[in-house]
Amino acid sequence: MTSNYHQLTLAEVRPGMVLSDVLLDVQGHVLLPQGTTLTEAMLALMPRHGIAVLPILKEEVSPEAVQATLAHHEARIAHLFRKNDPDSDSDWATALLRRFVSDFRLGPQEAAEHG
């Protein structure tokens with residue numbers, strides 16, 4: 001098996017996920033080859049073959065994708081709170097809401113750096 005996988009129960013697996021290894025039934029017969037993209041029909045047949053856990057390929061997230069997501073959230077928060085001055089104490093309720101939303105979307109460390 002590759003190191004870039006995790007074992008998921010059948011209830012956690014969704015159509016579109018990819019097998020990280022060959023899937024064998026209880027007798028050791030190959031049900032599906034490595035790299036198979038799972039469909040709803042395939043998942044529905046797993047219990048019939050005694051399959052309860054599947055080796056699923058982890059999706060790699062590039063640092064560029066993470067930065068793009070953070071930038072998107074920052075821009076969205078700035079737009080949503082465009083009428084609120086974060087340095088003003090006059091509207092403490094909106095400032096508090098902005099902080100909570102920023103912490104949720106960006107994480108507490110990122111929100112403090114960008115807030």
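The values are calculated or read from the model by the stated rules, or taken from the named source; none is laboratory data. All values derive from a computational prediction rather than experimental measurement. Positions of Cβ are backbone-derived with ideal geometry, glycine not excepted, and every protein chain shown enters the neighbour counts. Note: accessible area is taken over every heavy atom of the protein model, side chains too, but ligands, DNA and RNA are not part of it. Shrake-Rupley method; radii C 1.70, N 1.55, O 1.52, S 1.80 Å.
Which one of VAL26, VAL13, VAL66 is among the aliphatic types (A, V, I, L, M), part of a loop (DSSP other than H, G, I, E, B) and modelled with pLDDT under 90? Before you say what the answer is, go through the steps one by one.
On the way: VAL13 fails: modelled with pLDDT under 90; VAL66 fails: part of a loop (DSSP other than H, G, I, E, B).
Only one candidate passes the filter, namely VAL26.
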For the range 23-38, give me the residue count where each residue is open to solvent by less than 50 Å² (accessible area, probe 1.4 Å) and closer than 16 Å to GLU12 by Cα. 1
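Please work out if THR69 is within 30 Å of LEU10 (Cα to Cα), in contact (Cβ under 8 Å) with a residue 12 or more places away in the chain and among the hydroxyl-bearing types (Ser, Thr, Tyr). Even if it seems obvious, please write down each step before you answer.
Working: within 30 Å of LEU10 (Cα to Cα): yes; in contact (Cβ under 8 Å) with a residue 12 or more places away in the chain: no; among the hydroxyl-bearing types (Ser, Thr, Tyr): yes.
Answer is no for this residue.
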How many residues does the range 39-82 hold that are more than 26 Å from SER20 (Cβ to Cβ), open to solvent by 70 Å² or more (accessible area, probe 1.4 Å) and either among the hydrophobic types (A, V, I, L, M, F, W, C) or in contact with a Cys (Cβ under 6 Å, 6 or more places away or on another chain) (or both)? 1
Go through (1) among the aliphatic types (A, V, I, L, M); (2) in a helix (DSSP H, G or I); (3) modelled with pLDDT of 85 or more for ILE51 and report which single condition fails. (2)
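Given the condition among the acidic types (Asp, Glu), at pLDDT 85 or above and on the phi < 0 side of the Ramachandran plot, answer yes or no: does some residue in the range 79-89 qualify?
no
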